[in-house]
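Report on one structure; see the data block that follows.
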Amino acid sequence: MATIESATEIRPFHVDVPEEELAGLRRRIAATRWPERETVADESQGVQLATMQALAGYWETDYDFRRLEERLNALPQFITEIDGLDIHFIHVRSAHEDALPLIITHGWPGSVVEMLKVVGPLTDPTAHGGSAEDAFHLVIPSLPGYGFSAKPQDTGWDSARIARGWVVLMKRLGYAEFVSQGGDWGAIVTDVLGAQAPPELLGIHSNMPGTVPPHVSKALASNVLGAGDPPPSGLSADEQRAYEQLSFLYTKGIGYALEMGLRPQTLYGLADSPIALAAWMLDHDARSYEDISRAFVDGQPVGDLTRDEVLDNITLTWLTNTGISSARLYWENKLGFFDVKGVSVPAAVSVFPSELYQAPRSWAEQAYPNLIYFNEVDKGNHFAAWQEPELFAAEVRAGFRSLR
């Protein structure tokens, strides 16, 4: 049985992947048995053969994982046990004395890789067009079952338990007060944390806010089940747009989430085939997929979402064999992804134009009674920190400025 001292110990972490693991990955890519091409000219049947073959060719012959390994090992990384589970995290303290402690949570199909390019702008703003008053001490944990964090061996690791764990982590690091940011699952964890409202939490920022009112959520659910109820009456133009975006997502674009929410253990291909894993991770949402496909097929990344960045994330998931363990977070979930969570603390919202839905200000004001910041930016998709790191960092600075 672990002593209290050993259980709360913060241990340095270093990435060191054996070369044989990387050689084995390349062999598996080369041995892929391909299906025939899709029978349509668009992505309506899923991730297209041309995209995957371009990805495989680059992954097998040109991609260099050691580049990512070096990037990660250049940052202070640690492991600590929280609620019986080893949690991996990056912890970068700013050189600016009055920096605000910030914990950022990634999502699926993501990892800490999503956040690497915002470390500099957030911890050292004077080198990235900001001022010293905007500096953060930055903590970026890997979600349980993701990346280098341990895989839960029992049930119960839902967003509420993770949120409570993040408070333990921040206090263990010596932060009596902090703020929280997230997108995708990170947004849900952050919203739940804002609803729990621990005294240490000063406020939250989300780039995928939970704002959908209950009556709208009910109508959207009926579309998924096939009843096709009409949208609620009296929606403004912005609200109608959001409703239509979510209706498309729920009826055409969220099959992966349904499978992981119902039967994550069935997805053995994610552990056995790197190409199956890559296709599954690419098929998150239509607009992100279009950007990623363009990077591989045309060699033209949109923003910072390059071939190497995309493969960094997929390769990390492959090497840690976390395709299925990360999927179980959907199985654990009992909350509506975009529903109001009951946040009571000060909240900031940034709306990126190619997010799964563009949250209307009217819904945000209802969902977050203490809304301190709301802004719609002009570029960026669901992976905001990854694709537009400078813009994302500027939004986080602006969102939390009034809380300093």
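The values are calculated or read from the model by the stated rules, or taken from the named source; none is laboratory data. Since this is a predicted model, take the numbers as computed values, not measurements. Every residue, glycine as well, gets a Cβ built from its backbone with ideal geometry; the counts of neighbours run over all protein chains shown. Quick note on the areas: whole protein, heavy atoms, side chains included, nothing else; ligands and nucleic acids left out. Shrake-Rupley method; radii C 1.70, N 1.55, O 1.52, S 1.80 Å.
Compute the Cα gyration tensor for the chain, then decide on rounded, prolate or oblate, letting a ≥ b ≥ c be the square roots of its eigenvalues: rounded whenever a/c is under 1.5, prolate when a/b is larger than b/c in the other cases, and oblate in all that remain.
On the way: a/c = 1.42, a/b = 1.05, b/c = 1.36.
Rounded shape, in that the Cα axes give a/c under 1.5.
For all pairs of alpha-carbon atoms in the stretch 27-122, what percent lies in each bin of width 10 Å, listed from the first bin to the last filled one?
Histogramming the stretch 27-122 at 10 Å steps yields 11, 28, 27, 21, 11, 2 percent.
What does the charge count near ASP285 come to, summing +1 for each Lys or Arg and -1 for each Asp or Glu among other residues with Cβ under 12 Å from its Cβ?
Within the 12 Å Cβ shell, the charges total -4.
Which whole-number percent gives the relative contact order of the chain, counting Cα pairs below 8 Å spaced six or more residues apart?
Averaging sequence separation for qualifying contacts and normalising by length gives 19 percent for the chain.
Within the set of other residues whose C-beta is less than 14 Å from the C-beta of ALA127, count the net charge using Lys and Arg as +1 and Asp and Glu as -1.
Net charge around ALA127: -1.
Which ³J(HN,Hα) values in Hz, rounded to whole numbers, follow from the phi angles of the stretch 191-204 under the Karplus curve 6.51 cos²θ - 1.76 cosθ + 1.60, where θ = phi - 60° and Gly and Pro get x?
Result, ordered by residue: 4, 5, 4, x, 7, 5, 6, x, x, 6, 8, 7, x, 10 Hz.
Ranked by accessible surface with a 1.4 Å probe, highest first, in what order do VAL302, VAL139 come?
Listed by decreasing accessible area, they come as VAL302, VAL139.
So, taking all protein chains as they sit and a 1.4 Å probe, how much accessible area belongs to ASP154, in Å² rounded to tens?
Only protein atoms counted, so the area is about 90 Å².
Give me the lysines in straight-line cross-link reach of LYS218: C-alpha distance below 24 Å, same-chain residues under 8 apart excluded.
Those lysines meeting the cut-off are LYS252, LYS334, LYS341.
Compute the separation of the alpha-carbon centres of the stretch 101-172 and the stretch 325-349 and state it in Å as a whole number.
Each part reduced to its Cα centre gives a spacing of 16 Å.
Compute, for ARG66, the solvent-accessible surface of its heavy atoms (probe 1.4 Å) with the complete set of protein chains present, and express it in square angstrom to the nearest 10.
We get 70 Å² for ARG66.
Check each of the GluC sites (Glu not before Pro) in the stretch 92-159 and keep only those in coil by DSSP with at most 16 other C-beta atoms within 10 angstrom; list them in order.
Hits after loop and neighbour filter: GLU97.
When only C-alpha pairs under 8 Å and at least 6 residues apart count, what is the relative contact order of the stretch 187-308, in percent?
13
Can you put SER233, SER131 in order of accessible area, largest first, using a 1.4 Å probe?
The residues order as SER233, SER131, largest area first.
Counting Lys and Arg as +1 and Asp and Glu as -1, what is the net charge of the other residues whose Cβ lies under 10 Å from the Cβ of ARG67?
-3
Order HIS284, HIS128 by their accessible area, 1.4 angstrom probe, all chains in place, largest first.
HIS128, HIS284
Considering only protein heavy atoms, what per residue accessible area in square angstrom results for the chain with a 1.4 angstrom probe?
That works out to 41 Å² per residue.
Which value results when the Cα radius of gyration for the stretch 89-184 is divided by 2.2 N^0.38 Å? Present the calculation step by step, with values, prior to reporting the outcome.
Details: Rg = 13.9 Å, N = 96, 2.2 N^0.38 = 12.5 Å.
Working it through for the stretch 89-184, the quotient is 1.12.
Expressed as a whole number of Å, what is the distance separating the alpha-carbon centroids of the stretch 231-301 and the stretch 377-404?
Using only Cα atoms to place each centre, the spacing works out to 22 Å.
Could you give the radius of gyration (one decimal) and Dmax (whole number) of the Cα atoms in the stretch 157-199, in Å?
Rg and Dmax of the stretch 157-199, Cα atoms, are 9.7, 27 Å.
Roughly to the nearest percent, how much of the accessible area of the stretch 187-284 is carbon and sulfur, given a 1.4 Å probe?
59
Taking the Cα atoms of the stretch 229-282, what is the range of coordinates along each of the three principal axes, in descending order and whole Å?
Cα spread of the stretch 229-282 along its principal axes, largest to smallest: 49, 20, 11 Å.
Collect residues whose amide H, placed 1.01 Å from N in the peptide plane, falls under 5 Å from the amide H of SER94; neighbours closer than 5 in sequence don't count.
HIS137, LEU138
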